[in-house]
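What follows draws every value from the coordinates through simple rules; no lab data is involved. Since we're looking at a predicted model, the values are computed, not measured. Positions of Cβ are generated from backbone atoms using ideal geometry, with glycine treated the same way; all protein chains shown enter the neighbour counts.
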Amino acid sequence: MYTNSKLPKVGTTIFSVMSALANEHKAINLSQGFPNFDCSDKLKKLVNKYIEKGYNQYAPMPGVPVLRERIAEKIESSYGANIDPATEITVTAGATQAIFTAIATFVQPGDEVIIFEPAYDSYRPSIEVFGGFPIVYQLEAPDYSINWEAFSKLITQRTRMIIINTPHNPTGTTLKKNDLLKLQQITDGSEILILSDEVYEHLIFDEQKHQSVLRFPSLFQRTLVTYSFGKTFHNTGWKIGYCVAPDHLMKEFRKVHQFNVFSVNTPLQYGIADFLKKPKEYLGLNSFYQEKRDYFLEAIKNSRFKPIHCEGTYFQIVDYSAISDEKDTEFVKRLTIDHGVAAIPVSAFYSNPRNDNVIRFCFAKTEKLLKKAGKLLCKV
């Protein structure tokens with residue numbers, strides 16, 4: 001039977017490829033972005049409590065009210081924004097589902113969506129599935145900064161959406177206040193929507209503040225913001241997150257969401273709602289992960305890898321040009337097979353062939369594993 005694929009160029013992701021290669025050669029897997037340590041026992045007990053109490057049927061489509069109220073409280077204390085939990089927050093099956101649903105809701109065939117590459121790999125295919133055209137602004141090593149004047153030239157009458165990601169995966173850079181003000185200025189008075197991927201909101205270092213779109217009321221009126229409890233609470237396998245948007249956008253988002261997943265795991269929602277009563281559970285994440293970043297940097301300081309400053313996320317990118325001029329896709333394979341450490345080539349986050357001799361390591365690992373990886377990397 002002939003199948004007209006909507007994604008003819010999409011195959012197995014580089015993350016699956018590198019993890020399989022790491023397993024095959026028993027290498028330390030610093031490629032895929034998930035912790036190798038467990039989430040809080042307290043959180044697990046809270047979820048189990050609700051399972052045992054029988055909270056095991058469908059949740060309300062937008063999410064259980066108590067969780068949405070806790071999220072609204074968290075947003076107000078973190079960003080000073082007054083968000084209506086009834087009409088402006090929807091609980092989703094992870095941030096990726098929220099991103100997909102936002103694109104499904106607002107992108108029509110022929111619409112243009114501007115993305116910044118290197119980009120999280122779900123953006124482009126989600127746009128293409130719904131007949132949109134990804135328009136790329138290329139960020140360049142080593143600072144991966146945005147020239148907003150050059151960016152503005154990408155905007156046309158067909159521009160429907162701009163997707164931003166801060167802190168940024170894979171580069172670990174962050175958007176600053178001036179960046180958001182520039183974006184606000186560029187889109188003011190237009191029909192352009194913003195999709196802001198902020199899943200690493202609490203993983204930001206060196207006493208910086210996360211510049212959420214929620215801090216900018218005028219910009220927020222055209223924005224859908226996505227978040228991930230999986231990233232925040234070290235349980236990526238739970239696949240639970242949420243989307244925040246002004247009422248007029250959220251009404252449309254929920255129309256699609258209800259036929260996409262309808263509702264999200266009930267006991268998880270109640271357990272997380274209880275867990276959020278104590279903000280210290282997430283407010284200490286910046287220090288927790290900064291210590292891991294610094295530990296990993298110390299572990300590789302005598303290597304020939306050149307770290308590029310990481311401002312947030314749990315990813316560290318490094319320049320390996322002092323070691324090899326191989327393509328990054330080939331270098332990471334050799335690094336895995338010959339030296340026992342798996343990484344991700346940053347070129348995999350670009351749609352066009354590019355090689356800056358830069359690869360990405362995930363440092364959301366135990367110190368024991370990071371120390372072992374550091375010793376191996378210092379021998380390369």
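For a paramagnetic label modelled on Asn4 (point 7 Å from Cα along Cα→Cβ), amide N atoms under 17 Å away belong, within segment 87-111, to 109-110. By other beta-carbon atoms within 10 Å, ranking Glu112, Glu291, Glu207 with the fewest at the front produces Glu207, Glu291, Glu112. Taking the average, over residues, of other Cβ atoms within 10 Å as the packing measure, peptides 329-338, 1-10, 150-159 rank 329-338, 150-159, 1-10 from highest down. Above 30 Å, the calculated P(r) of segment 55-279 contains 19 percent of its Cα-Cα pairs. Measuring between their Cα centroids, segment 229-270 and segment 364-380 lie 35 Å from each other. How many nm is it between the label spots at Phe37 and Glu24, if each spot is 7 Å from the Cα in line with the beta carbon? Rounded to a tenth, the inter-label distance reads 3.2 nm. As a proxy for reagent exposure, Ser287, Ser78 were ordered by neighbouring Cβ count within 10 angstrom, fewest first; the result is Ser287, Ser78.
Averaging the sequence gap over all C-alpha pairs within less than 8 Å and six or more residues apart, then dividing by the number of residues, gives the chain a relative contact order of 26 percent.
Per-residue Cβ neighbour counts within 10 Å put Glu198, Glu149 in the sequence Glu149, Glu198, beginning with the fewest. Note on Lys49 and Lys176: with the Förster distance fixed at 51 Å, the Cβ-Cβ geometry gives a FRET efficiency of about 0.75. Cross-link reach is defined here as a Cα-Cα straight distance under 25 Å, omitting same-chain residues fewer than 8 places apart; for Lys182 the lysines meeting it are Lys153, Lys209. How large is the translational diffusion coefficient of segment 2-140 in µm² per second when you combine the Kirkwood radius over alpha carbon pairs with Stokes-Einstein at 20 °C and 1.002 mPa s? My calculation gives 112 µm²/s for D. Taking the empirical scaling 2.2 N^0.38 Å for compact globular proteins as reference, the chain has a Cα radius of gyration ratio of 0.98. Which of the lysines could a cross-linker span from Lys379 if the Cα-Cα distance has to be under 23 Å and same-chain partners fewer than 8 positions apart are dropped? Cross-link targets: Lys26, Lys292, Lys301, Lys306, Lys327, Lys333, Lys365, Lys368, Lys371.
For Lys277, the aspartates and glutamates whose Cα comes closer than 15 Å to its Cα, not counting residues fewer than 8 places off in the same chain, are Glu69, Glu73, Glu76. Segment 1-42 and segment 305-338 have Cα centres separated by 18 Å.
With a cut-off of 12 Å on the backbone N, the residues of segment 330-369 near the modelled label site 7 Å out from Glu291 along Cα-Cβ are 367.
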